[in-house]
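What follows is one structure encoded as structure tokens, with my remarks underneath.
The values are calculated or read from the model by the stated rules, or taken from the named source; none is laboratory data. Every value quoted in this text rests on a predicted model; they were computed, and no experiment measured them. These area figures cover heavy atoms from the full protein model, side chains too; ligands, DNA and RNA do not enter into them. Shrake-Rupley method; radii C 1.70, N 1.55, O 1.52, S 1.80 Å.
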Amino acid sequence: MDESKPLKVRLTFSVILVGISLLFAAVVTDHWAVLSPSVEKNTTTCEAAHFGLWRLCTKRIFMQEQGPKEKSCGPISLPGDHNCSYFKHFTPGETSEIFEVTTQKEYSISAAAIAIFSVGFAIIGTICVLLSFRKKRDYLLKPASMFYTFAGLCIIISVEVMRQSVKRMIDSKETAWIKYSYSWSFACACASFVLLFVCGIALLLIALPRFPQNPWETCMDAEPEH
């Protein structure tokens, strides 16, 4: 029996918890992408936006020093009036006309739904790992590893759906946005994919029985015949 197996499981689980924390941070925050519209000459304000899976936040930035060749609004960290609203398809009472006009509702719903599946897989995997810490329940590590792997795959699919949504929004002729950038929530989602996917596979390898290093180990471990 591999005596270092419990230590390996705990170390891998610690890294997985970091990935789950990044996953939750990405799902609940609104900084997946930052959008900047075109800026007309002699204007003193511009309206930038950032959004996540659930909400769109717009910010009217009071520009102080604008160069003659400046064609975009931002950075969004500049001071200004801030307003956030949930997407109309999640809460019919809210309004978010900018996002509704410039991108497809199906993209937003799909990205959010897939991210929820990712969170669900991560929670089920964590329950399996916690239960496996009890004696004679190591068999739960194998399904836990698969759940973590599925969670990583789901969040990276959600990232790709969001990326396609932003791209279609910028390419649309009806949109006012001409520039975009991905923000820290997007980075958290990508990092959580790496940690959950890699550590899920690592946990599966740890959970697999150790193969005999020498041919006679199998014979030595066999029970004697009566």
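Just to verify a number: what accessible area does Glu160 come out at with the full protein assembly present, 1.4 Å probe, Å² rounded to tens?
80 Å²
How would Lys167, Lys59 line up by accessible area, probe 1.4 Å, largest first?
Values: Lys167 100, Lys59 30 Å².
The ordering from most to least exposed comes out as Lys167, Lys59.
Can you give the extra length, in nm with one decimal, that the chain gains between Arg10 and Leu131 once fully stretched, where that is 0.36 nm per residue apart less the Cα-Cα distance?
On the way: separation 121, 0.36 × 121 = 43.56 nm, distance 1.28 nm.
Length gained between Arg10 and Leu131: 42.3 nm.
For Leu204, Leu17, Leu196, write out the residues from largest to smallest accessible area, computed with a 1.4 angstrom probe and no ligands counted.
Values: Leu204 50, Leu17 75, Leu196 0 Å².
Sorted by accessible area, descending: Leu17, Leu204, Leu196.
How long is the gain from Lys167 to Phe24 if the chain were fully straight, where each residue apart is worth 0.36 nm and the alpha carbon distance is subtracted?
Details: separation 143, 0.36 × 143 = 51.48 nm, distance 2.43 nm.
Value of the extension gain: 49.0 nm.
Residue separation times 0.36 nm, minus the C-alpha to C-alpha distance between Ala187 and Ile201: what's the value? Before the final figure, lay out the partial values.
Numbers: separation 14, 0.36 × 14 = 5.04 nm, distance 2.15 nm.
Contour length minus Cα-Cα distance gives 2.9 nm.
Using a 1.4 angstrom probe and counting only protein chains, how large is the accessible area of Arg168 in Å², to 10?
Solvent-accessible area, nearest 10 Å²: 110 Å².
By accessible area of protein heavy atoms, probe 1.4 Å, what ranking do Phe193, Phe13, Phe51 get, highest first? Please list the in-between numbers first.
Numbers: Phe193 50, Phe13 25, Phe51 0 Å².
Largest to smallest exposure gives the sequence Phe193, Phe13, Phe51.
Check which residues have an amide H placed less than 5 Å from Glu47's amide H, if you skip close sequence neighbours.
Ile61
Rg(Cα) of segment 132-209 divided by 2.2 N^0.38 Å?
Numbers: Rg = 18.3 Å, N = 78, 2.2 N^0.38 = 11.5 Å.
Cα-based Rg divided by the globular estimate yields 1.59.
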